[in-house]
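The values are calculated or read from the model by the stated rules, or taken from the named source; none is laboratory data. As the structure is a computational prediction, the values presented were derived from the model and not from experiment. Please note: Cβ atoms are built from the backbone with ideal geometry, for glycine as well, and neighbour counts cover all protein chains shown. For the accessible areas, the whole protein counts, side chains as well, though only heavy atoms, and no ligand, DNA or RNA atoms are used. Shrake-Rupley method; radii C 1.70, N 1.55, O 1.52, S 1.80 Å.
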Amino acid sequence: MSNSNGRILWPYAFFALTLGWGWFVLAPLVPYLIGTLHVSLALILLLISLYGYAMIVGALPAGYWVAKSGPRAALYVSVLLTIVGLAVRALAPNFTVALIGQIAAALAYPLLIAPIGSVLRLGGVRQLKLGTGLVIGMLFLGMAAGSFLGPDMSPVTALWMAVALNVVIGLWLMSQLRAVSGPSTPSLGKTRLVVSWWWVIGFVVASISVMFGSVSTSALLHLHVSNAAALGGLLSGLTFLGSAFGAMLFGWMGENPSRIRSLPRLLGVLTVVFLFLSGLLLTGTLSPSTAGLDSAFFLFGLFSNGWYTLALEASAEQARTRQNAGIATAGFSMASNIGVAIIPVVVGPLVVTASSVWMGIIVVMGLFAATIPFLVSAHGGSRGRQQSA
């Protein structure tokens, strides 16, 4: 382990926050971007979804790069791609230029987040669940901030604030990369991908979370709920906010060895409970009151992303070595974003056209994922071997 005692953790977490801001500040700007770039809604939504596609394509290459060369180079490139990409996006006179900038910024996402298992270990972070929860929580806090604060800012200010924040925090992160262990050495062992059942939780939680945000407005309009569009946007922001708090809170709680088996099981059960409740509200089986929807979506985000965080770190533990831990978390992130790419598109429209089928699918998915902590060890790898490898 490094003697830095995790000096990289805070700049790493704050850069995740600014990346989340840069990503989701686009959501409130959709009408402005349609008018400014003179393109359709579908093309603007493509700009927002590029981060997910980038994770599918780039997660495993990022994990292997960090395993072979250490995290410094990948994080340097992530910072540079983010700053350059967001600046190009802010300056873009047309959609093609905006797309180029957004692609560059999106490619930074897997380089930063996918190999988190190795970045934390090689960066000297000792409390790995807490560190994972902090980074993932800050990412979601940035998304929530972009969703909530973006509408109150002028579009130009919002776009350039994303650039400024990433420059400041990116320079801070780069200044701390000297504290991170260098390239891998033969003593770290064979580089390989360890596939884990914990990936199922990532797939289910990520895909259903995004699907809830994607279909909530349409479902509420179908139910003739007043202010459906505004309420749908608020629900997405509350889910992100709950996810941020859940990742940090339960990452911290997960550091207690006595909770290593019970906490993921409890969070799995609570996730299914609030998934079911949210589904009942969106389908009109329960009267969709504003207070009920707000509470259900926030608590679903809180419990589900706390569960996601512990599953992410559990998949890294099963890899046993520091460099394979990053490949394992890269695979987890890839599986999560494959779910995001498929489930909202295929299953989401059923909330309006076949609500009982939609409800059945999400409940089955949730129940299947909830069995994983009961069937798989929550501490698949030896922490001692990871730290000394």
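Scanning segment 199-247 for residues that are at pLDDT below 90 and either acidic (Asp, Glu) or at positive phi (or both) returns a single hit, Asn227.
Restricting the first member to segment 191-202 and to residues that are closer than 17 Å to Ser118 by Cα, and the second to residues that are basic (Lys, Arg), the beta-carbon pairs closer than 7 Å and six or more apart or on different chains are Thr191/Lys68. Checking every residue in segment 62-80 against the condition of being out of contact with any helix residue (DSSP H, G or I) (no Cβ under 9 Å at 6 or more places or on another chain) and either surrounded by fewer than 18 Cβ atoms within 10 Å (Cβ to Cβ) or farther than 21 Å from Leu177 by Cα (or both) gives at least one match. Evaluated against (1) surrounded by fewer than 18 Cβ atoms within 10 Å (Cβ to Cβ); (2) of a type outside the set (Gly, Ala, Ser); (3) under 22 Å from Ser236 (Cα atoms), His38 falls short on exactly one condition, (3). If the condition is being within 16 Å of the chain's Cα centre (by Cα) and polar (S, T, N, Q), then segment 21-77 contributes only Ser49. For segment 263-276, the set of residues classified as more than 13 Å from Ile208 (Cβ to Cβ), open to solvent by 30 Å² or more (accessible area, probe 1.4 Å) and either part of a loop (DSSP other than H, G, I, E, B) or among the hydrophobic types (A, V, I, L, M, F, W, C) (or both) consists of Leu266, Val269, Leu270, Val273, listed by residue number. Of the residues making up segment 301-318, just one is open to solvent by 10 Å² or more (accessible area, probe 1.4 Å) and under 13 Å from Ile116 (Cβ atoms), namely Tyr308. If the condition is being within 19 Å of Gln323 (Cβ to Cβ) and either open to solvent by 20 Å² or more (accessible area, probe 1.4 Å) or of a type in the set (Val, Ile, Thr) (or both), then segment 112-155 contributes Ile113, Ile116, Val119, Val125, Arg126, Thr132, Val135. In the set (1) open to solvent by less than 40 Å² (accessible area, probe 1.4 Å); (2) closer than 15 Å to Ile201 by Cβ, the condition left unmet by Phe374 is number (1). Residue selection: Thr321 fails the criterion of being surrounded by fewer than 21 Cβ atoms within 10 Å (Cβ to Cβ), at pLDDT below 95 and of a type outside the set (Asp, Glu). Of all residues in segment 155-169, those that are within 11 Å of Val25 (Cα to Cα) have Cβ atoms under 7 Å from Cβ atoms of residues that are hydroxyl-bearing (Ser, Thr, Tyr) and at pLDDT below 95, 6 or more apart or on another chain, in Pro155/Tyr32.
The residues listed here are Leu50, Leu29, Leu46; of these, the one that is within 23 Å of Thr239 (Cα to Cα) and either open to solvent by less than 10 Å² (accessible area, probe 1.4 Å) or in contact with a Leu (Cβ under 6 Å, 6 or more places away or on another chain) (or both) is Leu29.
The condition of being outside any helix (DSSP H, G or I) and either in contact with a strand residue (DSSP E or B) (Cβ under 9 Å, 6 or more places away or on another chain) or surrounded by fewer than 24 Cβ atoms within 10 Å (Cβ to Cβ) (or both) holds for Leu286.
The set of residues from segment 87-105 being under 22 Å from Trp65 (Cβ atoms) and either in contact (Cβ under 8 Å) with a residue 60 or more places away in the chain or not in a helix (DSSP H, G or I) (or both) comprises just one member, Ala105. The residue list Leu275, Leu238, Leu267, Leu299 contains one member that is touching a residue at least 12 places away in the same chain (Cβ under 8 Å) and more than 18 Å from Ile201 (Cβ to Cβ), which is Leu238. Checking each residue of segment 3-18 against the condition of being surrounded by fewer than 18 Cβ atoms within 10 Å (Cβ to Cβ), modelled with pLDDT of 90 or more and either of a type in the set (A, V, I, L, M) or assigned to a helix (DSSP H, G or I) (or both) gives at least one match.
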